[in-house]
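See structure below.
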Amino acid sequence: MTGIVGSNFLKVDARDKVTGRAIYPDDIYFDDLLYVKVKRAPHPHAYLRKLDVSKAEELPGVVKVITATDYPDLNKFGLIIKDQPVLVGIGEKMRYLGDALAIVVAESREIATRALDLIRVEVEELEVISDPLRAMDDDAPAIHEDGNILITHYLDKGDVEKGFAGADIIVEREYRTQHIDQLPLQPEAGVGLYDEESGVIKLWVATQWLHDTQADIAQSLGLPREKVRIIQPAIGGAFGKREDISVHIHLALAAMATGRPVKLTYTREESMITQSKRHPMIIRAKTGATKDGYLTAWQVEVIGDAGAYASSSPAVVHKGMYHCTGPYNVENVRGVSHAVYTNNTYSGAMRGFGTTQMAFAYESQMDILAHELGLDPAQFRLQNAYQVGSLTPNGQVLSRSVNVRETIKKAIEMSDWKGVRVE
């Protein structure tokens, strides 16, 4: 990074963005353009028993209403685990309010929106599970066929029992974090075009994982990857949210079914309901330290609310657990993490990838320990902070870019912190 950090570089897309010349998905138009809206689940956990789209189809200006009956061979999609249906069919389960039941294609956005209210839905309601602890109960109804615990990971370093036996103080606390929406300025949007002669679907949609998204769309539609082309417009913010499929497959189906260019733009409400959020986590931490302020043991249990579908949960919750001690040396560490299905909007990537939630827990533990021991919290952190050669909970030896001590010292200096001994 020599010559990069601290230097000024021209941001190649800055001029277009500040002058308004940048082209975002919702700015793209074609002649003969159709507009798409999606009928969503009326209940977060229920079986679909009846779906009547006849009144919507009769509305003037509606070109096509697509249901699972029209495409019975669609494959489920997902970033890591393919567990999310493109459209919920009769007799199948809806698992959150964002599940798609029907795709309406019309001559205007207003007509497509009106048509949604004409679709009649009958469901068999099931218990709604919004708490991951309830989802883990033995008597909880299974949201997915294989159960509600999506994945469990373990962590072991050193001898935790020995570490706690050598501690003069042990602090145990439970911490909880909430759903947070990434809230990029641009809601999910895109335009789709199908070339019947070549069989190629062109999608103008923003994504963070271009080739992975292309592959996921192709496998869901049962097409070779080269039949799906994604043309990346300007991205109006992402922050992890655009790793997931949003409008992509529904646009492809609408374009193939009508043979005309189609546009789908979410409202902010639709974006909030349907697309991934930062994981809410329950973090149970147990930390031991000596009376002179050295950490001896750290034990953690992490329960991550995956929501209705897996998305990035297996990675996010796992990585969060690996950061349970933060930037502090602890010789003895034990952890277990569970990603758990609920009927909430599914959770996925957001900046920090699980470490943000964990920082709330480990820094709280450090403050409590410092207070209980009568130590300055800054000095307490300094004497436990990582240095070159430190070993992380998952066994990584830190060989460079270990600047936590320098950062703490600079923060002390800039904040004029009183009473701390800096070595």
Discussion item. As an exercise: evaluate ILE282 against (1) touching a residue at least 24 places away in the same chain (Cβ under 8 Å); (2) assigned to a helix (DSSP H, G or I) and give the number of the one condition it does not meet.
Written reply: (2)
Worksheet, complete the sentence: Of the candidates ASP52, ASP27, ASP99, ASP16, the one satisfying the condition of being of a type in the set (Asp, Glu) and surrounded by 21 or more Cβ atoms within 10 Å (Cβ to Cβ) is ASP99
Discussion item. Which condition from (1) surrounded by 17 or more Cβ atoms within 10 Å (Cβ to Cβ); (2) over 30 Å from MET358 (Cβ atoms) is the one that ARG229 breaks?
Written reply: (1)
Fill in: Pair list, Cβ under 7 Å, 6 or more apart: the range 220-238 residue touching a residue at least 60 places away in the same chain (Cβ under 8 Å), other residue of a type in the set (Ser, Thr, Tyr)
PRO233/TYR24; ALA234/TYR24; GLY236/TYR24
Worksheet item: Taking VAL86, is it crowded, with 20+ Cβ neighbours inside 10 Å and assigned to a loop (DSSP other than H, G, I, E, B)?
Response: yes
Item to complete: Give the residue that is surrounded by the fewest Cβ atoms within 10 Å (Cβ to Cβ), with candidates limited to residues of the range 30-49 that are under 30 Å from MET94 (Cβ atoms) and of a type in the set (D, E, K, R).
Response: ARG49
Worksheet item: Applying the selection to the range 379-410, what residues are among the charged types (D, E, K, R) and surrounded by fewer than 14 Cβ atoms within 10 Å (Cβ to Cβ)?
Response: ARG400, GLU406, LYS410
Fill in: Hits in the range 124-163 - residues which are under 18 Å from VAL317 (Cα atoms) and acidic (Asp, Glu)
ASP131, ASP156
Item to complete: Looking for whichever is without any contact (Cβ under 8 Å) to a residue 12 or more places away in the chain and part of a helix (DSSP H, G or I) here; the options are GLU363, GLU406. Which one fits?
Response: GLU406
Item to complete: Kindly provide the set of residues from the range 242-271 that are surrounded by fewer than 23 Cβ atoms within 10 Å (Cβ to Cβ) and either free of Cβ contacts under 8 Å to residues at least 40 places away in the same chain or part of a helix (DSSP H, G or I) (or both), ordered by number.
Response: GLU243, MET256, ALA257, THR258, ARG268, GLU269, GLU270, SER271
Item to complete: Might you check whether a residue that is touching a residue at least 60 places away in the same chain (Cβ under 8 Å) and assigned to a loop (DSSP other than H, G, I, E, B) occurs anywhere in the range 294-305?
Response: yes
Worksheet, complete the sentence: Just one listed residue, out of ALA339, ALA349, is assigned by TED's automatic domain parsing to the domain that holds GLY389, part of a strand (DSSP E or B) and in contact with a strand residue (DSSP E or B) (Cβ under 9 Å, 6 or more places away or on another chain), and it is ALA339
Worksheet item: Do we have any residue at all in the range 372-386 that's within 32 Å of the chain's Cα centre (by Cα) and part of a loop (DSSP other than H, G, I, E, B)?
Response: yes
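The values are calculated or read from the model by the stated rules, or taken from the named source; none is laboratory data. Because the structure is predicted, anything quoted here is derived from the model rather than measured. FYI the Cβ positions are ideal-geometry reconstructions off the backbone, even for glycines, and counts take in every protein chain you see.
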